[in-house]
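S.K.: Shown below is the structure under consideration.
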Amino acid sequence: MKLSKRNLPRINAEGFTLIEVLISMFILTIGLLSLLGVFGLAVSATMTSEEDGIAKQLAQDAFESIYTARDSANLQWTDIENAGANGGIFLTGFQPIYNSGNDAIYGTADDSAAGAQTLTLPGPDGIVGTADDVTVSLTNFQRQITITDVVSGGSIVPNLKTVTVTVQYTVPRSRWPKSYVLSGFISQYR
């Protein structure tokens, strides 16, 4: 019997070719590298979250000290200005983070005599106020308080000012400083 192409049994050759396997491996590698990049960003964000939280708290503390001084009548309305502007008491430019001075207001001239502010974190036991607490220096933080008049319709609103507190800080493994800005209004009225 003579075999011809018609008489040969057909073999189903199903499966992957080498090209298909290489293409799928390439796509899988690109996906894994992208996932690794996202993981790196997440680790970086986690490492700077402590500094971000500290900056936020420092800005809020300064902002609240201004409101408290106004509400307790420790400040006159004319005192709520930057130094050099109509007798204001708030220092201009970025200042080191000091404890509040005798006036209990952050960002004024008497703060430097109160000493550098530190942060106390709980130690391994997780409880603040025990012997294993960790004290963190805030030397990589600076604060600036800017107070400006509010202008409406081309004229100054006499009973309203804008307060902007900017905390600038450096984070490990970064060339550029980061900033946290808190801005709001303060009125002459309590």
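The values are calculated or read from the model by the stated rules, or taken from the named source; none is laboratory data. Keep in mind that what you see is a predicted model, and the values were worked out from it rather than measured. Quick reminder, even Gly has a Cβ in these numbers, built from the backbone with ideal geometry, and neighbours come from all protein chains shown.
S.K.: Does segment 107-123 contain any residue that is touching a helix residue (DSSP H, G or I) at 6+ places or on another chain (Cβ under 6 Å), at pLDDT 90 or above and surrounded by 14 or more Cβ atoms within 10 Å (Cβ to Cβ)? Even if it seems obvious, please write down each step before you answer.
M.R.: In the first step, residues of segment 107-123 are kept if they are touching a helix residue (DSSP H, G or I) at 6+ places or on another chain (Cβ under 6 Å); the result is 107.
From what is left, the residues that are at pLDDT 90 or above are 107.
Applying the additional criterion that residues be surrounded by 14 or more Cβ atoms within 10 Å (Cβ to Cβ) yields 107.
The answer is yes, given that some residue of segment 107-123 is touching a helix residue (DSSP H, G or I) at 6+ places or on another chain (Cβ under 6 Å), at pLDDT 90 or above and surrounded by 14 or more Cβ atoms within 10 Å (Cβ to Cβ).
S.K.: Also, I was wondering about something else. Could you list, in sequence order, all residues of segment 156-178 that are modelled with pLDDT of 95 or more and farther than 21 Å from residue 87 by Cβ?
M.R.: Correct list: 166, 167, 168.
S.K.: I would also like to ask the following. Are any of the residues in segment 160-172 among the polar types (S, T, N, Q) and exposed (fewer than 13 other Cβ atoms within 10 Å of the Cβ)? Spell out how you get there, then give the answer.
M.R.: Going through segment 160-172, the residues among the polar types (S, T, N, Q) turn out to be 162, 164, 166, 168, 170.
The next check asks that each one be exposed (fewer than 13 other Cβ atoms within 10 Å of the Cβ); those that pass are none.
No - not one qualifying residue is present in segment 160-172.
S.K.: Still on this structure, please answer the following. Can you pull out every residue in segment 64-91 that is touching a strand residue (DSSP E or B) at 6+ places or on another chain (Cβ under 7 Å), in a helix (DSSP H, G or I) and surrounded by fewer than 20 Cβ atoms within 10 Å (Cβ to Cβ)? Can you show your working first?
M.R.: Within segment 64-91, the first condition is being touching a strand residue (DSSP E or B) at 6+ places or on another chain (Cβ under 7 Å), and the residues that meet it are 66-67, 70, 79-83, 88-91.
Going one step further and asking which of them are in a helix (DSSP H, G or I), we end up with 66-67, 70, 79.
Matches in segment 64-91: 67, 79.
S.K.: Restricting attention to segment 126-176, report how many residues are in a strand (DSSP E or B), touching a helix residue (DSSP H, G or I) at 6+ places or on another chain (Cβ under 7 Å) and among the aliphatic types (A, V, I, L, M).
M.R.: Filtering segment 126-176 down to residues in a strand (DSSP E or B) leaves 134-137, 141-152, 155-169.
In the following step, the residues that additionally are touching a helix residue (DSSP H, G or I) at 6+ places or on another chain (Cβ under 7 Å) were identified as 141, 143, 145, 163, 165, 167, 169.
Remaining after also requiring among the aliphatic types (A, V, I, L, M): 145, 163, 165, 167.
Here the count works out to 4.
S.K.: Return the total of residues in segment 106-125 being in a loop (DSSP other than H, G, I, E, B) and out of contact with any strand residue (DSSP E or B) (no Cβ under 8 Å at 6 or more places or on another chain). Give the steps one after another, and end with the answer.
M.R.: Filtering segment 106-125 down to residues in a loop (DSSP other than H, G, I, E, B) leaves 106-107, 115, 117, 122-125.
Cutting the leftovers down to out of contact with any strand residue (DSSP E or B) (no Cβ under 8 Å at 6 or more places or on another chain) gives us 124-125.
Counting residues in segment 106-125 that are in a loop (DSSP other than H, G, I, E, B) and out of contact with any strand residue (DSSP E or B) (no Cβ under 8 Å at 6 or more places or on another chain) gives 2.
S.K.: Now for a different question. Go through segment 162-175 residue by residue and tally those that are within 13 Å of the chain's Cα centre (by Cα) and over 15 Å from residue 143 (Cβ atoms).
M.R.: 1
S.K.: Surrounded by 12 or more Cβ atoms within 10 Å (Cβ to Cβ), of a type in the set (Lys, Arg) and within 21 Å of the chain's Cα centre (by Cα), is that true of residue 178? Show your work before the answer.
M.R.: Working: surrounded by 12 or more Cβ atoms within 10 Å (Cβ to Cβ): yes; of a type in the set (Lys, Arg): yes; within 21 Å of the chain's Cα centre (by Cα): yes.
Here the answer is yes, as residue 178 does meet what is asked.
S.K.: Right, next: Which of the residues belonging to segment 1-50 are modelled with pLDDT of 80 or more, over 40 Å from the mean Cα position of the chain (by Cα) and of a type in the set (D, E, K, R)?
M.R.: Answer for segment 1-50, where residues must be modelled with pLDDT of 80 or more, over 40 Å from the mean Cα position of the chain (by Cα) and of a type in the set (D, E, K, R): just 20.
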